[in-house]
Amino acid sequence: MTRLAPSPTGALHLGNARTFLVTWALARQRGFRVVMRIEDLDSPRVKPGAVESILGTFRWLGMDWDNPEPLVQSRDLEPYRAAIRILAARGLVYPCSLTRTEIEAAASAPQEGSHETSYPRHLRPALKSLDFDGVDRGTGPEGTNWRFAVPDRPVPFDDDFAGPQSPDISRIVGDFVVWTRRGQPAYQLAVVVDDHRQGVTSVIRGDDLLDSAARQLLLYRALGLAPEPRHMHLPLVLGRDGKRLAKRHGDTRVEHYRSLGVPPGAVVGLVAGWCGCTEEGSGRREMSTAEFVRALDSSSIPRTPVVFGPEDDQWLLAQAGS
């Protein structure tokens, strides 16, 4: 079992499409069920109409899923509350009202280049069993974050693409947030709860989330959940400047190319080429999702990041109306 779990914070770009297409194709190859989940808990960034747009793009590309209705995280927070109650009762989490500025001021060595502030160990209070509902008093400015007490040791796991990993989360980010002051679960906790309740056994995504896999495995173990999923982290699609695809690289949204008359088979064909599915020297060609399922070989996917360049854009546009 695997999942497609888009976040409705914007339209899918070609890098997103590549990850989702690979996830879907490998699942269909291996006879896995595919479940759809809408990860919409980052409410300030959720865009109106994004869910319908994303699902429409998936269908246009030829992808499907096996649950009749997607699981939409924001519709029911009780499963996440049940999980945070367990962690609190076991003394594995604690409330933290410190701001990012206060945490940065207390950190002796800022994490250069990290988008997340490392939480210094000396700020952790004494751990004890807590009643989450009794301590958590609100949702909003009066609410509080809750942090998971990270063990002081690496978290080894074998990634099916990136190989053996052993990130030390205590050094990388320290105690991370699992419940936010908005009264909602943070990404790491929500993913664990949902993957477990949806029966997900295989997670395929970009390698920018390798450290997240370690955090999520810590939460699986803290909650006593089994089985733990296998992971496969793929190199990202980058722009010519070596940074992940973004607006600075032009309009790389799948919907943009669709609006210009580019057929879905061209997008699938571009992704297939990025995945090493075309023979050396044969060039790109349009490809259906059924063909992509037959052609994809995970051992042929390049181990280095894919670079989206002008030639990719020009090839897609050349397929419009063909």
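The values are calculated or read from the model by the stated rules, or taken from the named source; none is laboratory data. Computed from a prediction, not measured in an experiment: that's the story for all the values here. Don't worry about glycine lacking a Cβ; one is built from the backbone with ideal geometry, like all the others, and counts go over all protein chains shown. Remember, those area values only see protein heavy atoms, side chains included, never the ligands or the DNA or RNA. Shrake-Rupley method; radii C 1.70, N 1.55, O 1.52, S 1.80 Å.
Structure notes:
- Across Gly276, Gly91, Gly49, mean-square fluctuation computed from a Gaussian network of the chain (C-alpha pairs under 10 Å connected) peaks at Gly49.
- Shape class of segment 177-249 from the alpha-carbon gyration tensor: oblate, with a/c at 1.5 or above and b/c at least as large as a/b.
- Each residue of segment 146-154 was assigned a 3J(HN,Hα) from its phi angle through the Karplus curve 6.51 cos²θ - 1.76 cosθ + 1.60 (θ = phi - 60°); the sequence is 10, 10, 8, 6, 6, x, 8, 6, x Hz, with glycine and proline shown as x.
- When only alpha carbons are used to place a centre, segment 250-264 and segment 38-71 end up 18 Å from one another.
- Surface per residue (accessible, 1.4 Å probe) for segment 217-322, Å²: 50
- Hull-based mean projected area of segment 1-78, where the convex hull spans the alpha carbons, in square nanometres: 5.4
- Rounded to the nearest 20 debye, the dipole size of segment 243-322 about its Cα centre is 400 debye, using +1 on the Cβ of Lys and Arg and -1 on the Cβ of Asp and Glu.
- Among Ser170, Pro79, Leu238 the positive-end extreme of the charge dipole of the chain (Cβ point charges): Pro79
- The residue list Pro68, Pro305, Pro125 was ranked by how far each Cα lies along the charge dipole of the chain toward its positive end, using unit charges on Cβ atoms, and Pro125 comes out on top.
- Residues in segment 30-91 average 50 Å² of solvent-accessible surface per residue, probe 1.4 Å, ligands and nucleic acids excluded.
- Computed about its Cα centre, the charge dipole of segment 49-206 is approximately 560 debye, with only Lys, Arg, Asp and Glu carrying charge at their Cβ.
- Cross-link reach list, lysines versus Lys47, counting only Cα pairs under 26 Å and skipping chain neighbours closer than eight places: Lys243, Lys247
- Dipole magnitude of the chain about its Cα centre (Cβ charges: Lys, Arg +1; Asp, Glu -1), debye to nearest 20: 420
- Within the accessible area of the chain (1.4 Å probe), percent carbon and sulfur: 50
- When peptides 207-218, 305-316, 67-78 are ranked by their average number of other Cβ atoms within 10 Å per residue, the highest-first order is 207-218, 305-316, 67-78.
- Around the amide H of Leu234, modelled in the peptide plane, lie the amide H atoms of Arg205, Gly206, Asp207, all under 5 Å away and 5 or more residues distant in sequence or on another chain.
- Gyration tensor verdict on segment 82-238 (Cα atoms; rounded if a/c is under 1.5, prolate if a/b is larger than b/c, oblate otherwise): oblate
- With the simple spin-label model, which puts each label point 7 Å out from Cα in the Cβ direction, the Lys243 to His122 separation comes to 3.5 nm.
- The chain - mean residue ellipticity at 222 nm from DSSP helices (-39,500 (n - 2.57) per run, n ≥ 4, rounded to 500): -10000 deg cm²/dmol
- For the pair Asp133 and Gln314, a Förster radius of 56 Å applied to the C-beta separation gives a FRET efficiency near 0.45, rounded to the nearest 0.05.
- Under-5 Å amide H pairs with His13, H placed in peptide plane, nonlocal only: Val254
- Pairwise FRET efficiency - Asp168 versus Asp64, Cβ, R0 = 51 Å, nearest 0.05: 0.80
- Residues with amide H under 5 Å from that of Val72, placed H, sequence gap 5 or more: Ile38
- DSSP finds beta bridges in the chain, and of those with both partners inside it, around 50 percent are antiparallel.
- Taking the three principal axes of the alpha carbon atoms in the chain, the coordinate ranges are 65, 43, 34 Å, sorted in descending order.
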